[in-house]
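Just below is one structure, and these are the notes that go with it.
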Amino acid sequence: MTEKTTPWELIEKLRSTGELSKEEFTRLIKNRDLVDREKLYALAREIQKEHFGNKVYLRGLIEFTNYCRNDCLYCGIRRSNKNTDRYRLTKEQILETCESGYKLDYRTFVLQGGEDMSYSADDIADLVRSIKERFPECAITLSVGEREREDYQKWFDAGADRYLLRHETANEEHYGKLHPSELSLKHRKDCLKNLKDIGYQIGAGFMVESPFQTAEDLAEDMVYLKELNPHMVGIGPFIPHHDTPFKDFKAGSLELTLFMLSLLRIMLPDVLLPATTALGTIDPKGRELGILAGANVVMPNLSPGDVRGKYLLYDNKICTGDEAAACKRCMDRRLERIGYFTEVSRGDSPRVHRAEAEQ
Ligand code: 5AD
Ligand code: FES
């Protein structure tokens, strides 16, 4: 590749070969002003439609604890934030939340929480088993951070199907600027590798325009994701939280988030790509624009009314005042207006179906 390669030629190369080098991604990201966005989104949509038609997968998010042992500098529920009103849901409350979600057609429950060690590995395994007993055709996704491989194995054996753990940034130095020294990128990557080896469908991902992020860092994220080849990639703009050390940084842009979503769809054609709540927070039409740039998953909040306003990773989070039923209706309507509809099924990664067919 010579320096004369145009950004669009790089996109075509990504489309035809499925990869670019770190240098090429960097150049593409730095010169993205030259890319015709409508043309880029149309290409991403063409690939999205090839694999998923106009179906958008639904995942019901249950934020079951906002206690966290970690102190990530960007996150509103970091342990140093003494202003967070902490809560934990009981097993019964979680099961009731699944029940109401089930009635609203949710067939995937995402159990997300801070790294709250008051739930032992056995507690979580028991929770997974109970949900599976009651809703056997539903998929369970866990998202509770870094744990021992044995714990991940135990939860998988109990019936958990998927695990979300964003890598946050694939650059060591940048990782160090976003996290306290006791956390390491290496450990994060080891966890993702373990999860994949155990047999989970995994999700990784990063924030767009988090403090100190460079085009090179984003390029490294893309190269890392290509290599990891996760089933899902969750990305959304960084948004400052007023009680964190990053309170004065500015939020990530719609523009770059949409650009990265399209590149991800082109690089990993059948990946599950959520249009995230953070994207809907920085722009009233953010999630719809995300879908139109190649995303194919939405994760509305199912958490019970009294705790929804307490799981605040960043400021101005949307949907905190809406009941699950209202949120689902709102989401259906939003998607319908742009020509998509929500799918009532577990919505596994197409790769899972292919693997089953080969058995
Ligand atoms: N802005 C945007 N996203 C955030 N997350 C945490 N804090 C913020 C923030 N201030 C994201 C992280 C985490 C996921 C659950 O939420 O990427 O992995
Ligand atoms: Fe939650 Fe619109 S999607 S209120």
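Restricting the calculation to Cα atoms, the range 145-278 shows an Rg/Rh of 0.97 when the hydrodynamic-style radius is the Kirkwood one. Among rounded, prolate and oblate, which fits the chain when a ≥ b ≥ c are the square roots of the eigenvalues of its C-alpha gyration tensor, a/c under 1.5 means rounded, and a/b larger than b/c means prolate? Note, shape of the chain comes out rounded. Quick one: pull the percent of accessible area on the chain belonging to carbon and sulfur, 1.4 Å probe, ligands and nucleic acids left out. Looking at the chain in its full context, I get 49 percent from C and S. Tell me which GluC sites (Glu not before Pro) from the range 185-223 have a DSSP coil assignment and no more than 10 other beta carbons within 10 Å of their own. Taking the range 185-223 and a limit of 10 other Cβ atoms within 10 Å, no loop GluC sites (Glu not before Pro) are found. On a per residue basis, the convex hull of the C-alpha atoms belonging to the range 288-359 measures out at 141 Å³. The peptide list 180-192, 269-281, put in order of mean Cβ contacts within 10 Å with the highest first, becomes 269-281, 180-192. When a/c reaches 1.5 or more, the comparison of a/b and b/c decides; with that in mind, is the range 209-291 rounded, prolate or oblate per its Cα gyration tensor? Judged from the Cα gyration tensor, the range 209-291 comes out oblate (a/c at least 1.5, b/c at or above a/b). Looking at the range 205-359, the accessible area is 37 square angstrom per residue; that uses a 1.4 Å probe and ignores ligands, DNA and RNA. For Leu73, the residues 5 or more places off, or on other chains, whose built amide H falls under 5 Å of its own are His179. In the range 1-108, taking the dipole from charged Cβ atoms about the Cα centre, the farthest positive-side position among Gly101, Thr5, Leu89 is held by Leu89. Quick one: grab the alpha carbon gyration tensor of the range 1-106, order the square roots of its eigenvalues as a ≥ b ≥ c, and give me rounded if a/c is under 1.5, else prolate or oblate depending on whether a/b is larger than b/c. Since a/c reaches 1.5 but b/c is at least a/b, the shape of the range 1-106 is classed as oblate.
The values are calculated or read from the model by the stated rules, or taken from the named source; none is laboratory data. All values derive from a computational prediction rather than experimental measurement. All Cβ positions, glycine included, derive from the backbone under ideal geometry; neighbour counts span all protein chains shown. The protein model used for the area step is the full one, side chains on, heavy atoms only, and it has no ligands, DNA or RNA in it. Shrake-Rupley method; radii C 1.70, N 1.55, O 1.52, S 1.80 Å.
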